[in-house]
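*Asks:* Below you'll find the structure I mean.
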Amino acid sequence: MERESFEDQEVARLLNDHYVAIKVDREERPDIDALYMSVCQALTGSGGWPLTVLLTPEKKPFYAGTYFPKRQMFGRIGLLDVLEQIQRKWEQDGDALDKLGDDLLADIQSLDRKNAQSSGAAGDIPGEELLHEAYELYRREFDEEYGGFGNAPKFPSPHNLSFLLAYSGAYNQPEALRMAEKTLESMYRGGMYDHVGYGFSRYSTDREWLVPHFEKMLYDNALLAIAYLEAHQITEKPLYAEIAEQILQYVLRDMTSPEGAFYSAEDADSEGVEGKFYVFSRGEIEEALGLEDMHSYCHLYGITPEGNFEGANIPNLLQGLPDETAERLGMNPLGLRTRMEEWREKLFACRKQRIHPSKDDKVLTSWNGLMIAALAKGAKALQKPEYAGAAAAAADFIWDKLRRREDGRLLARYRDGDAAIPAYLDDYAFMIWGLTELYEATGESLYLERALTLKDGLLELFIDAENGGFFFTGHDGEELPIRSKELYDGALPSGNSVAAKLLWKLSVMTQDVELKTVAEHTAAVMASAASAYPAGYAMYLQAHLAMASGGREWVLSGKREDAALHSMLAQVQQAYLPDASLIVRWEGDEEGILRLLPHLADKPAVNGNATAYVCRNFACRAPVTNMEAVRELLASGSREV
């Protein structure tokens, strides 16, 4: 529409003469997007982007749709046709359009109230049957041949996979693990993964994961890195760790500002052509690698003279993973991997000379929170402190640049030195997630203190005191006709789901009974919505699983310089403990953590030795002071206390 209409002189003249044209960045203003998307769905029965809405001067919507060609074609009304008809109607009978807007808003507000009341009527957190129902739904929708769920287009939705990984461990269900692994491997093998420069595209246009929509989003890569790290923790398979590291390498190389914050996205197209930057002809590969290596590369990565995408080639591993190919060809796997990396570096250097896709260099607080969480989890799972350093740099940037000086109120967007827009629920919830993971990766109480500060802001600004759960916008935000509450876990997990999970975790860490009640009530509110289609609430289900476990806590006490304590810490950090929290009490330097968590006063290092306490439901095992005991507790899942 931008090319066809908004840059067209005829359309521009009509718009400027008779309308006030407003272009909204839906990533900066997701509240506006959510409101008017509900309008579009109410009017047309469907939604999507680009979203086109016509409003009265009082912001009351009366007409909406998605894509409009410039003029009518193929049975689809044109934008000029709409604008001309509405202009005449407004001049002849503007009151009728105004009343239409009133009626439409009244209908949506009535539906919103009804949904709030039905969710607010929730009682206790539902039993575990909801978790089992979700698993069965995933099992029925699973694509046995290619992994993932449903048909094309296929979105990664990594929180679905994280739920299946957690479910597999909680209920010893190997089928859940198999579905997650099949999907993780298939996504990596396909063209949705950038085998030359790393990182994932937004989604696959086909069932096989071969042809992506080439746009790369920060949030997808953050959530996917988390899923691959969790799969590595469970299975100890090197492939998953390798993929996670490559994702993080891509983000740190291409999506990180000089100050350490993370950019939002890279466009799908360059020079006006989608995917042009990412695809190769056979001749280009021969030019970069030479004739002999070209043949080997083409065999491995599915490159053909006719191509697999509009006459060009998207490199992929659908024919088999490198180790499988090496075995089939009688090659040494390590030798093949070495050659593959040499080829990749040459093609990357070749591709670097091309015109790059545009980068969306705005810094979004919410998406940065997700990437901070991913990096911190990488620091723990892979024992790579450089990831924690990168996460800390981003967290410090958000803390310094994206909070109002006068009251500490979090802001949503930063670009070119300008921080603006009061932050939304997602910003608070996702940053709490990132800061909590960063505390567990570093043991530095500063990050836990910041997470608790944001927790206070979240409760103050967003809570729905009448019906439970949290509104998407703060009570101090711009007043819109409807104050929405997002529950569904779509491409991004909802702020309510993440809030339920993280508030529960913080309540365990702080032993705050009131906070525990808020977390449980939020989960109960969401349960009534999730019960209709539990597989659409994967992050909420993870919160539900954590609550069902009773709230586990690992407390490690000892001196900073004690190698035994660091060995214990590494063991716990590398373990897959989706429902547990990790607290470090540095003996001799515990003032900061004791101020935040005074109950740690009775968990010192025993006789000065590195000590581990494992607690559940506020009851603790006898402390252990040797690595063998720590390993046994980790192996048993520390389920009984």
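The values are calculated or read from the model by the stated rules, or taken from the named source; none is laboratory data. Everything quoted here is computed from the prediction, not taken from an experiment. As a convention, Cβ positions derive from the backbone with ideal geometry for all residues, glycine included, and neighbour counts pool all protein chains shown. Remember, those area values only see protein heavy atoms, side chains included, never the ligands or the DNA or RNA. Shrake-Rupley method; radii C 1.70, N 1.55, O 1.52, S 1.80 Å.
*Asks:* Name the residue, out of E236, E310, that is within 26 Å of E185 (Cβ to Cβ) and either open to solvent by 20 Å² or more (accessible area, probe 1.4 Å) or touching a strand residue (DSSP E or B) at 6+ places or on another chain (Cβ under 9 Å) (or both).
*Replies:* Details: E310 fails: within 26 Å of E185 (Cβ to Cβ).
E236 is the lone residue from the list that is within 26 Å of E185 (Cβ to Cβ) and either open to solvent by 20 Å² or more (accessible area, probe 1.4 Å) or touching a strand residue (DSSP E or B) at 6+ places or on another chain (Cβ under 9 Å) (or both).
*Asks:* A further question on this structure: Return the only residue of A388, A376, A395 being touching a residue at least 12 places away in the same chain (Cβ under 8 Å), under 30 Å from I234 (Cβ atoms), within 15 Å of the chain's Cα centre (by Cα) and surrounded by 18 or more Cβ atoms within 10 Å (Cβ to Cβ).
*Replies:* Working: A388 fails: within 15 Å of the chain's Cα centre (by Cα); A395 fails: within 15 Å of the chain's Cα centre (by Cα).
From the options A388, A376, A395, the qualifying one is A376.
*Asks:* Only one of (1) open to solvent by 30 Å² or more (accessible area, probe 1.4 Å); (2) of a type outside the set (F, W, Y); (3) farther than 30 Å from G495 by Cβ is not met by K23, so which one is it?
*Replies:* (3)
*Asks:* Another question about this same structure. Could you list, in sequence order, all residues of segment 144-163 that are touching a Lys or Arg at 6+ places or on another chain (Cβ under 7 Å) and buried (at least 18 other Cβ atoms within 10 Å of the Cβ)? Give the steps one after another, and end with the answer.
*Replies:* Just the residues of segment 144-163 that are touching a Lys or Arg at 6+ places or on another chain (Cβ under 7 Å), to begin with: 146-148, 151-152, 154.
Residues satisfying the conditions are Y146, G147, G148, K154.
*Asks:* Spot the failing condition for I303; the list is (1) open to solvent by 40 Å² or more (accessible area, probe 1.4 Å); (2) free of Cβ contacts under 8 Å to residues at least 40 places away in the same chain; (3) touching a strand residue (DSSP E or B) at 6+ places or on another chain (Cβ under 9 Å), and only one is missed.
*Replies:* (1)
*Asks:* Still on this model: What are the residues in segment 32-66 that are under 14 Å from W90 (Cα atoms) and basic (K, R), if any?
*Replies:* K60
*Asks:* Here is a list of conditions, (1) touching a helix residue (DSSP H, G or I) at 6+ places or on another chain (Cβ under 8 Å); (2) closer than 30 Å to D400 by Cβ; (3) acidic (D, E), and D267 meets all of them except one; can you say which number that is?
*Replies:* If we test D267 against (1) touching a helix residue (DSSP H, G or I) at 6+ places or on another chain (Cβ under 8 Å); (2) closer than 30 Å to D400 by Cβ; (3) acidic (D, E), just (1) comes out false.
*Asks:* Let me ask something else about it. Out of all the residues in segment 102-117, which are open to solvent by less than 70 Å² (accessible area, probe 1.4 Å) and modelled with pLDDT under 85?
*Replies:* Result: I108, Q109, S110, D112, A116.
*Asks:* Looking at (1) open to solvent by 10 Å² or more (accessible area, probe 1.4 Å); (2) touching a helix residue (DSSP H, G or I) at 6+ places or on another chain (Cβ under 7 Å); (3) outside any loop (DSSP other than H, G, I, E, B), find the lone condition where S186 falls short.
*Replies:* Result: S186 passes all but (2).
*Asks:* If H295 meets every condition in (1) at pLDDT below 95; (2) farther than 30 Å from E274 by Cα; (3) open to solvent by 10 Å² or more (accessible area, probe 1.4 Å); (4) not hydroxyl-bearing (S, T, Y) apart from one, which number is that one?
*Replies:* The one condition H295 does not meet is (2).
*Asks:* Criterion first (in contact (Cβ under 8 Å) with a residue 24 or more places away in the chain, farther than 24 Å from F618 by Cβ and in contact with a strand residue (DSSP E or B) (Cβ under 9 Å, 6 or more places away or on another chain)) does G477 satisfy it?
*Replies:* Numbers: in contact (Cβ under 8 Å) with a residue 24 or more places away in the chain: yes; farther than 24 Å from F618 by Cβ: yes; in contact with a strand residue (DSSP E or B) (Cβ under 9 Å, 6 or more places away or on another chain): yes.
Judged against the criteria, G477 is a match.
*Asks:* Let me ask another. Just checking, how many residues over segment 26-47 are assigned to a loop (DSSP other than H, G, I, E, B) and either more than 20 Å from F472 (Cβ to Cβ) or open to solvent by 50 Å² or more (accessible area, probe 1.4 Å) (or both)? Let's see the steps before the verdict.
*Replies:* First pass over segment 26-47, keeping only residues assigned to a loop (DSSP other than H, G, I, E, B): 26-29, 45-47.
If we keep only those that are either more than 20 Å from F472 (Cβ to Cβ) or open to solvent by 50 Å² or more (accessible area, probe 1.4 Å) (or both) as well, we get 26, 45-46.
The qualifying residues number 3.
Here is a yes/no grid of residues against (1) among the β-branched types (V, I, T); (2) at pLDDT below 95; (3) crowded, with 22+ Cβ neighbours inside 10 Å; (4) more than 28 Å from L130 (Cα to Cα):
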residue: H566; (1), (2), (3), (4): no, no, no, yes
residue: S581; (1), (2), (3), (4): no, no, yes, no
residue: W586; (1), (2), (3), (4): no, no, no, yes
residue: C620; (1), (2), (3), (4): no, yes, no, yes
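*Asks:* For segment 150-183, what are the residues that are part of a helix (DSSP H, G or I) and basic (K, R)? Quick ask: steps written out before the conclusion?
*Replies:* The initial filter retains those residues of segment 150-183 that are part of a helix (DSSP H, G or I), namely 158-170, 174-183.
Correct list: R178, K182.
*Asks:* Considering only segment 164-183, state which residues are surrounded by 22 or more Cβ atoms within 10 Å (Cβ to Cβ) and of a type in the set (A, V, I, L, M, F, W, C).
*Replies:* L164, L165, A166, A176, M179, A180
*Asks:* Just for segment 439-494: of the residues that are of a type in the set (S, T, Y) and in a loop (DSSP other than H, G, I, E, B), which one is most open to solvent (accessible area, probe 1.4 Å)? So that I can check it myself, show each step before the final result.
*Replies:* Of segment 439-494, the ones of a type in the set (S, T, Y) are 439, 442, 445, 447, 453, 473, 484, 488, 494.
From what is left, the residues that are in a loop (DSSP other than H, G, I, E, B) are 473, 484, 488, 494.
Details: T473: 17, S484: 24, Y488: 127, S494: 6 Å².
Step by step, filter segment 439-494, then rank; the result is Y488.
*Asks:* Yes or no: V196 within 28 Å of G307 (Cα to Cα) and out of contact with any helix residue (DSSP H, G or I) (no Cβ under 9 Å at 6 or more places or on another chain)? Lay out the reasoning, then the answer.
*Replies:* Details: within 28 Å of G307 (Cα to Cα): yes; out of contact with any helix residue (DSSP H, G or I) (no Cβ under 9 Å at 6 or more places or on another chain): no.
Against the criterion (within 28 Å of G307 (Cα to Cα) and out of contact with any helix residue (DSSP H, G or I) (no Cβ under 9 Å at 6 or more places or on another chain)), V196 does not qualify.
*Asks:* So, one more: Could you figure out which of (1) open to solvent by less than 50 Å² (accessible area, probe 1.4 Å); (2) in a helix (DSSP H, G or I); (3) out of contact with any strand residue (DSSP E or B) (no Cβ under 8 Å at 6 or more places or on another chain) isn't true of R139?
*Replies:* (1)
*Asks:* Could you say which residue among D427, D400 is open to solvent by 10 Å² or more (accessible area, probe 1.4 Å) and either of a type in the set (D, E) or under 17 Å from the mean Cα position of the chain (by Cα) (or both)?
*Replies:* Numbers: D427 fails: open to solvent by 10 Å² or more (accessible area, probe 1.4 Å).
Just a single option satisfies the conditions, and that option is D400.
*Asks:* For segment 511-528, enumerate the residues that are of a type outside the set (D, E, K, R) and open to solvent by 30 Å² or more (accessible area, probe 1.4 Å). Steps first, answer last, please.
*Replies:* Keep residues of segment 511-528 that are of a type outside the set (D, E, K, R), which gives 511, 513, 515, 517-519, 521-528.
Within segment 511-528, Q511, V513, T517, V518, H521, S528 qualify.
*Asks:* From the set of residues in segment 546-561 that are crowded, with 18+ Cβ neighbours inside 10 Å and of a type outside the set (G, A, S), which is nearest to T611 (Cα to Cα)?
*Replies:* L556
*Asks:* Open to solvent by less than 10 Å² (accessible area, probe 1.4 Å) and farther than 21 Å from A390 by Cα, is that true of L435? Spell out how you get there, then give the answer.
*Replies:* Values: open to solvent by less than 10 Å² (accessible area, probe 1.4 Å): yes; farther than 21 Å from A390 by Cα: no.
No; evaluated as a whole, the condition is false for this residue.
*Asks:* For segment 252-366, which fully contained helices (runs of 4 or more DSSP H) count at least 3 residues that are within 28 Å of the chain's Cα centre (by Cα)?
*Replies:* On the way: elements: 282-289, 291-301, 322-329, 333-352.
Qualifying helices (runs of 4 or more DSSP H): 333-352.
*Asks:* What about D81, is it modelled with pLDDT under 90 and either open to solvent by less than 20 Å² (accessible area, probe 1.4 Å) or among the acidic types (D, E) (or both)? Reasoning before the result, please.
*Replies:* Numbers: modelled with pLDDT under 90: no; either open to solvent by less than 20 Å² (accessible area, probe 1.4 Å) or among the acidic types (D, E) (or both): yes.
Judged against the criteria, D81 is not a match.
*Asks:* Scan segment 596-641 for residues that are outside any loop (DSSP other than H, G, I, E, B) and without any contact (Cβ under 8 Å) to a residue 12 or more places away in the chain and jot them down. Steps first, please.
*Replies:* Here is the first cut: in segment 596-641, the residues outside any loop (DSSP other than H, G, I, E, B) are 596, 598-602, 606-608, 611-616, 619-620, 624, 627-636.
P598, A601, D602, E628, E632, A635, S636, listed by residue number.
*Asks:* Ok, one more. Yes or no: T517 free of Cβ contacts under 8 Å to residues at least 24 places away in the same chain, out of contact with any Phe, Trp or Tyr (no Cβ under 9 Å at 6 or more places or on another chain), among the hydroxyl-bearing types (S, T, Y) and over 30 Å from R140 (Cα atoms)? Explain how you work it out, then say what you get.
*Replies:* Values: free of Cβ contacts under 8 Å to residues at least 24 places away in the same chain: yes; out of contact with any Phe, Trp or Tyr (no Cβ under 9 Å at 6 or more places or on another chain): yes; among the hydroxyl-bearing types (S, T, Y): yes; over 30 Å from R140 (Cα atoms): yes.
It is true that T517 is free of Cβ contacts under 8 Å to residues at least 24 places away in the same chain, out of contact with any Phe, Trp or Tyr (no Cβ under 9 Å at 6 or more places or on another chain), among the hydroxyl-bearing types (S, T, Y) and over 30 Å from R140 (Cα atoms).
*Asks:* Further, regarding this structure: Q511 is checked against (1) under 24 Å from the mean Cα position of the chain (by Cα); (2) farther than 30 Å from I108 by Cβ; (3) touching a residue at least 24 places away in the same chain (Cβ under 8 Å) and fails just one. What number does that condition carry?
*Replies:* Exception for Q511: condition (1).
*Asks:* Here is a further query. Which numbered condition in (1) under 23 Å from P315 (Cβ atoms); (2) within 14 Å of the chain's Cα centre (by Cα) is the only one that S186 fails?
*Replies:* Of the numbered conditions (1) under 23 Å from P315 (Cβ atoms); (2) within 14 Å of the chain's Cα centre (by Cα), the odd one out for S186 is (2).
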